[in-house]
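Asks: What follows is a structure written as C-alpha cells; I'll ask about it next.
Laboratory data are not the source of any read-out in this text; all were calculated from the coordinates shown. Keep in mind that this is a model prediction, so the values were computed, not measured. A quick note on method: Cβ atoms are made from the backbone with ideal geometry, for glycine too, and the neighbour counts reach across all protein chains shown.
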Amino acid sequence: MRKINKTILVALLIISATACRNYVEDVPLQGVRTLTNTSDYRLLINKDVEPLYTWPILSGNDVYFSDTTFQVAYNSSNAYYVPMYTWKNVFFDSETSDQNWDTPYAKIYIFNTVVDGVMSSKKGSDSEKSKIMSEALVHRAFSYWALVNMYAKQYDASTASTDLGVPMLLKPDMQASLARATVKTVYDQIIFDLKLAIPNLPPLPEYNLYPSKAAAYALLARTYLFTRNFTAAQNYADSALAIQSTLVNYSSYINGSVITYPRSIKNPEIILSKTQIGGFSVLQINPEIIDLLGTQDLRYQLFTRDGSQFWPTFKGRGFYGEQLYTTYTDYNNVGLTVPEMYLIKAECLARDNHPVEAVSLVNKIRQNRLLPADYVDLSASTMEDALNIVIDERKREFFGRGFRWFDQRRLNKDAQFAQTVTRVFNKVTYTLTPNSNLYTYPIGQKYIIFNPEIVPNP
C-alpha cells in the first residue's frame, strides 16, 4: 500500500487471548519513538491511513458469482470470503479475527492518539498542530462511518436513538468501555468531528491521501444522505464541488496504454483516497450491471474484462480494478470522489422534485464516460424517473467498490427500490429481504467473548 513517509513511529502489539480488552487484534502503541514533536504526529498520521473496508464489496448485488464451475473453484480457493457473499449470520468463529473490525479500530487508536496529544507537542506552529488534529478528526469520522454502516442497522430517524451502533472510543484508552453507542450517537459524533475539522483544513490537499475542506464537506454530504437529510446533503455536496469538481474524460484513455490513466494519487476525481483492505483475485460483475452499462460505455471497456482472463475463469465479465489505478499495489478506491458529489446532489434534487436539474448532473458525468459519437442525453419529467436514473448511474459508476451494499441498505427505506435479492451458491439459495437483519454484519464472536459488554447483533 502507498505511504507518503515510510518512517515507522508505532509498533504493533499483538494482544494475547487472555487480555481484558481485545476489541482489536493489533493495537498501535508508540513504542519505537516517543511522540514529542509536532513532526512526530505528522509522521504518525501519514502512515498507512487508507484501508477502510472489504466485505461490502462482496455483499452488494453488483457482484454475482453466477458461473457454477467458478463457484466450486472459488469455494475451494477463497472460502474465507463466502460468508460475506452469502450473507451468513456468522462470519468468523471464536478464534478468528475480523479485519474489517480490527483495521478501523486500530486506525481509530492512532487518530485518537493524535487528537489527544498533538496540540501539546513541541516544535510546531499552532496552525500546523490544528491542521494535523483536524486531519485526524476526518480520518476518525470516516472510520466510524464505515463501522456503523457495516455493524449497525441503517440509520432510521425513528429508531436511531435506540438502535445499537458500535463502541465509540474517543481517547487512546485501552480500558475504555466497549458498550455500543447508539446509531444516532455515532452519526452525531461523525458530524461533530467533521464540522470541528473544517476551519483548520486547506481547501485542497497536497496529496489526496490528506483530508481537506473538500473532503470534510464530501463526507458530510455522504453522511447526511445516509440519514436522509437531503437538504443538508445537497448543501455539503455543493460545498465540496465548489472546491473540487473536475471529471476525468475516459475517452482520453480508451485507446491508450493503461499507464496513461491517472493513478489514484494523481486522479483529480478523488477527493480523499481510501482503499479496500487487501485485494481480490477476481470479482464477477452481475450481468444486470453489465447490461445496464452497455458495451459502448467506457467504464465497461476500461474496467471490466471477459471471465477467461481471470483465475478461476468464469463465463461473464469481471471487475478489472487494477486498470482503474494502473498498479496492483493501488487497491480499489472506496473513498470520496467528485462523481459521488454530483450524484448525491442529483439524488437530492430528484427527491426535491427537480427532475430536469437532477438528470442534467447525471448527463454531465455520462458525457465523460462515453465517446462523443455514442453519447445521448438522458431525460426525465417526473421525480420517480429522475431518481431511477440517478440510482442507475450510481450502479454504473461505483460497481465493484462496495457502494452498492451501502445503497441497498439505505434504499430499503424507499418502496421504489426495496427488493428481495437471491443468490445461488454451490446449489444453495440465499435470500435477502428488505430491511433484513442480515443487512447488519455480525460482530465477531471473539470480541464478544472477551468483551461481554459488546451486545451481539440480532
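Asks: What distance in nm separates the two pseudo spin-label positions at LYS315 and ARG263, each 7 Å out from Cα along the beta-carbon direction?
Replies: It works out to 4.0 nm between the two label points.
Asks: So, one more: Evaluate E = 1/(1 + (r/R0)^6) for PHE417 and SER127, where r is the Cβ-Cβ distance and R0 equals 51 Å; express this FRET efficiency to the nearest 0.05.
Replies: Working from the Cβ atoms, E equals 0.65.
Asks: So, in Å, what gap is there between the alpha-carbon centers of the stretch 91-125 and the stretch 349-381?
Replies: What the calculation gives is 41 Å, centre to centre.
Asks: Along the Cα→Cβ direction, 7 angstrom out, place labels at ALA179 and GLN296. What is the inter-label distance in nm?
Replies: Here the answer is 6.0 nm between the modelled labels.
Asks: Would you mind checking LYS364/LYS395; LYS184/LYS395; LYS88/LYS315; LYS47/LYS107; LYS195/LYS364; LYS153/LYS395 for any pair whose Cα atoms are more than 19 angstrom apart? Can you show the working numbers first?
Replies: On the way: LYS364/LYS395 16 Å; LYS184/LYS395 28 Å; LYS88/LYS315 25 Å; LYS47/LYS107 10 Å; LYS195/LYS364 29 Å; LYS153/LYS395 22 Å.
The pairs that break the limit, which is 19 Å between Cα atoms, are LYS184/LYS395; LYS88/LYS315; LYS195/LYS364; LYS153/LYS395.
Asks: Also, I was wondering about something else. Relative contact order for the chain using alpha-carbon pairs under 8 Å, separation at least 6, rounded to a whole percent? Kindly include the intermediate steps, with their values, before the conclusion.
Replies: Values: 842 pairs, mean separation 95.1, N = 458.
Relative CO of the chain lands at 21 percent.
Asks: Quick one: of the DSSP bridges fully inside the chain, what percent are antiparallel, nearest 5?
Replies: Close to 85 percent.
Asks: Let me ask something additional. Compute the length gained on full extension between GLU384 and ILE254: take 0.36 nm times their separation in residues and subtract their Cα-Cα distance, giving the result in nm to one decimal. Write out the running numbers ahead of the final one.
Replies: Numbers: separation 130, 0.36 × 130 = 46.80 nm, distance 3.35 nm.
Result: 43.5 nm gained on full extension.
Asks: Moving to a separate point now. Among 66-79, 341-354, how do they line up from the highest to the lowest mean number of other beta-carbon atoms within 10 Å?
Replies: Listed from highest to lowest mean packing, they are 341-354, 66-79.
Asks: Also, I was wondering about something else. Would you list, by chain and number, the aspartates and glutamates whose Cα falls below 13 Å from the Cα of LYS274, excluding same-chain residues fewer than 8 positions away?
Replies: ASP48, GLU50, ASP330
Asks: If packing is taken as the average count of other Cβ atoms within 10 Å, what order do 422-428, 384-390 fall into, highest mean first? Could the numbers behind the result be given before it?
Replies: Working: 422-428: 12.6, 384-390: 20.1.
So the peptides 422-428, 384-390, ranked by packing, come out 384-390, 422-428.
Asks: Just to be sure I understand the model, the point goes 7 Å from the Cα along the line to the Cβ. What's the resulting GLU95 to THR429 distance in nm?
Replies: 3.6 nm
Asks: List the aspartates and glutamates whose Cα sits under 17 Å from the Cα of LYS122, skipping any in the same chain fewer than 8 residues away.
Replies: Excluding near neighbours in sequence, the set is ASP40.
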